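To keep things clear, I will list the structure first and then write my remarks on it.
None of the figures in this text is laboratory data; all of them are computed from the coordinates on show. Being a predicted model, the structure only gives us computed values, none of them experimental. Every residue, glycine as well, gets a Cβ built from its backbone with ideal geometry; the counts of neighbours run over all protein chains shown.
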Amino acid sequence: MVLVDIWSANSRLDRAESLRKSDEWLRDLWQHPEARIVQVCGDGDLFSNESGTELRLARPAFDFEPNLHLLVGLVDDVPYFMASVMSDGPNVSLRQLAPLLDDTQRDLATTAVALHNWHTVAPFCGACGGYSEVREGGHTRVCTKCGRERYPRVDPAIIVAVRDESDRLLLAHNSTWAANRLSLLAGFVSAGESLEHAVEREVTEEVGLGVSEIAYVASQPWPFPRSVMLGFTALAADTEILVDGVEISHADWFSRVDLQAAVGAGTVVLPGESSIARRIITNWLAGKL
Ligand SMILES: [Zn+2]
């Protein structure tokens, strides 16, 4: 299966998992003449140029502080750090910026936002309430009271392209979305649930359909605030849709011709270009699923 524009397994971002355990190594890295800082503010917005089309990277201008200067990783041996800072000039959301970045810059920005979002809520130990200190360049926190280690949390969510026997695609409207916006069905994985169970449950709950032939397609980091989206395809047992009326207000089947016509006429608005939903839909339109 050749997929169009889906995240590849290759990343140029070296997360330096063993080396980052050393504060001395991190301190030396901070002095690297080409070191840069990805600055993140507020709810995870990135410092950008005036038009919000490029990352605005800073050079280290202060002494290294392990609690504040976190390692995103290295690209061709050039280190990139993340710092959570107060807003200073133009900034932009990762959702808006991601489609404009190349793969490596997108990896840097996504990791920086994920670290920012985790550290925003992680300072105090979930077991004893003690303060936790940053370790390993920001990829671990250790409680100063009970010694427990904590790692950045990632909440799995599934997203599924449900098709019928005629290879039509099911698209649904979430009650909270702007009018005309349609996308694939998605939902969080519940405690104790497999990904396949989550796909089957979400489809049944949201549109009343049973599914088979559940198959993994691709994944996407989605740090809003801390998810990874796991993309699947599935075959519907029948075509009669019964929406839940709460999360999903309406849903419908589309042939490729119908969907392209509806998008052209503006009666259907597809999800943003940076989303895995859009990329899976694009692959289906191209006959790649
Ligand atoms: Zn603790």
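Just to be sure I follow: if Rg is taken over the C-alpha atoms of region 84-242 and Rh is the Kirkwood radius over the same atoms, what is Rg/Rh?
Value, to two decimals: 1.06.
Starting from the Cα gyration tensor of region 97-190, take the square roots of the eigenvalues, sort them a ≥ b ≥ c, and report rounded, prolate or oblate (rounded when a/c is under 1.5, otherwise prolate if a/b is larger than b/c, else oblate).
It comes out prolate by the Cα gyration axes.
By its C-alpha gyration tensor, with a ≥ b ≥ c as the square roots of the eigenvalues, how is region 60-123 shaped: rounded for a/c under 1.5, else prolate for a/b larger than b/c, else oblate?
Cα axes put region 60-123 in the oblate bin.
If you take the charge dipole of the chain about its Cα centre, with +1 on Lys and Arg Cβ and -1 on Asp and Glu Cβ, which of Ala261, Ala237, Pro152 is farthest toward its positive end?
After comparing all options, I get Pro152.
Would you work out the charge dipole size for region 89-222 about its Cα centre, treating the Cβ of every Lys and Arg as +1 and the Cβ of every Asp and Glu as -1, and quote it to the nearest 20 debye?
760
Report, in deg cm²/dmol and to the nearest 500, the calculated mean residue ellipticity at 222 nm for the chain, where each DSSP H run with n ≥ 4 adds -39500 (n - 2.57) and the sum is divided by the residue count.
Value at 222 nm, helices only: -6500 deg cm²/dmol.
Which length gain, in nm to one decimal place, applies between Glu34 and Glu273 when the Cα-Cα distance is subtracted from 0.36 nm times their residue separation?
82.9 nm
For the chain, report the translational diffusion coefficient in µm²/s to the nearest whole number, using Stokes-Einstein at 10 °C, 1.306 mPa s, and a Kirkwood Rh over Cα pairs.
It diffuses with D of about 76 µm²/s by this estimate.
In degrees from 0 to 90, rounded to the nearest 10, what is the angle of the helix 103-121 Cα long axis to the longest principal axis of the chain?
Approximately 80 degrees, to the nearest 10.
With a cut-off of at most 16 other beta carbons within 10 Å, and DSSP calling the residue loop, which chymotrypsin sites (Phe, Trp or Tyr not before Pro) in region 162-234 qualify? Please list them.
For chymotrypsin sites (Phe, Trp or Tyr not before Pro) across region 162-234 that sit outside H, G, I, E and B with at most 16 neighbouring Cβ atoms in 10 Å, the list reads Trp177.
Work out how much length Ser18 to Glu65 would gain on full extension: take 0.36 nm times their residue separation and subtract the Cα-Cα distance, in nm to one decimal.
Answer, rounded to one decimal: 15.0 nm.
Could you please rank Ile276, Ile248, placing first whichever residue has the fewest other Cβ atoms within 10 Å of its Cβ?
Going from least to most buried by this count: Ile248, Ile276.
Determine ³J(HN,Hα), in whole Hz, for all residues of region 93-102 in sequence, where each value follows from phi through the Karplus function 6.51 cos²θ - 1.76 cosθ + 1.60 and θ = phi - 60°; x replaces Gly and Pro.
In residue order, the calculated couplings are 6, 4, 4, 6, 7, 3, x, 8, 9, 6 Hz.
With unit charges on the beta carbons (Lys and Arg positive, Asp and Glu negative) and the dipole taken about the Cα centre of the chain, which residue among Ser190, Ser249, Val211 sits farthest to the positive side?
In the chain, that residue is Ser190.
If you wrap a convex hull around the alpha carbons of region 165-289, what volume per residue comes out, as a whole number of Å³?
Roughly 113 Å³ of hull volume per residue.
Nearest 5 percent is fine: what portion of the DSSP beta bridges confined to the chain is antiparallel?
75
Mind giving me the FRET efficiency for Asp77 and Cys146? R0 is 30 Å, r the Cβ-Cβ distance, nearest 0.05 is fine.
Calculated value: 0.20.
Under a no-solvent Debye model with one identical scatterer per Cα of region 1-71, what's log10 I(q)/I(0) at q = 0.13, 0.14, 0.17 Å⁻¹?
The Cα Debye sum returns log10 ratios of -0.56, -0.63, -0.85.
Just to verify a number: FRET efficiency for Ser93 and Ser219, C-beta to C-beta distance, R0 = 22 Å, to 0.05?
Efficiency, from the Cβ-Cβ distance: 0.60.
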